[in-house]
């Protein structure tokens with residue numbers, strides 16, 4: 001049986017997620033014109049993660065994630081183009097986590113993000129900084145582990161932007177619900193998760209129906225393979241649905257042009273995990 005305190009924590013996290021993800025109906029802004037771009041892409045990802053654990057529940061994590069575009073489509077006729085391997089992004093992350101209880105974890109960290117599609121001659125174009133804090137509640141029944149993670153983050157641009165069209169500091173909430181299965185005799189651990197990313201502070205004209213909106217929905221299927229006590233591999237497939245609203249405020253009569261961008265991305269990846 002699950003302890004009563006553990007039930008209360010998990011129920012509280014579920015209620016918080018539902019409140020933050022529930023859409024609120026309201027009025028719509030008026031725009032001069034509206035367009036919609038639809039993208040499809042396939043990525044190959046490779047990463048490595050080092051973890052240091054202490055007996056007091058404190059963990060240190062350092063990871064590197066490299067992403068490469070294999071091919072993508074054009075938004076005009078949905079034809080495939082850009083075949084071949086092209087660098088897209090890299091994420092270098094430092095994370096500290098603390099588990100005061102067996103079923104509760106707190107974490108905080110920093111990510112340096114490189115945008116491979118930007119102008120490499122100007123660091124303000126391709127550099128992004130991200131900080132985050134989060135809390136994870138988990139329940140384990142026999143060999144099945146169910147967890148819910150809420151993570152608030154802020155991504156900082158280094159280039160100049162029009163504050164009416166874009167934010168220099170973007171705040172988001174990422175809610176992830178996942179399940180893992182641990183085999184008793186085999187070194188494999190299959191898992192699945194779904195994550196929803198909500199905007200928290202997009203500019204007034206960028207809002208959807210006068211409110212913030214769901215920006216990303218991510219799903220994943222994978223399996224972790226334990227080589228030995230300190231080394232392992234993570235093989236996964238991820239599908240990402242992205243929704244963005246690009247605003248352009250023209251000088252003539254203050255017209256507002258909106259372009260909705262929908263992205264459908266398939267990603268296949270492998271991560272090498274090591275630590276002690």
Provide Rg over Rh for segment 91-189; use the alpha carbon set for both Rg and the Kirkwood Rh (inverse mean inverse pair distance).
-> 1.13
Listing 236, 213 by rising number of other beta-carbon atoms within 10 angstrom, fewest first, gives 213, 236
Alpha-carbon centroid distance for the pair segment 202-276 / segment 102-180, whole angstrom = 10
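Here, each number is a calculation from the coordinates, and none is a lab measurement. These figures come from a predicted structure and were not determined experimentally. Cβ atoms come from the backbone with ideal geometry, glycine included; neighbour counts cover every protein chain shown.
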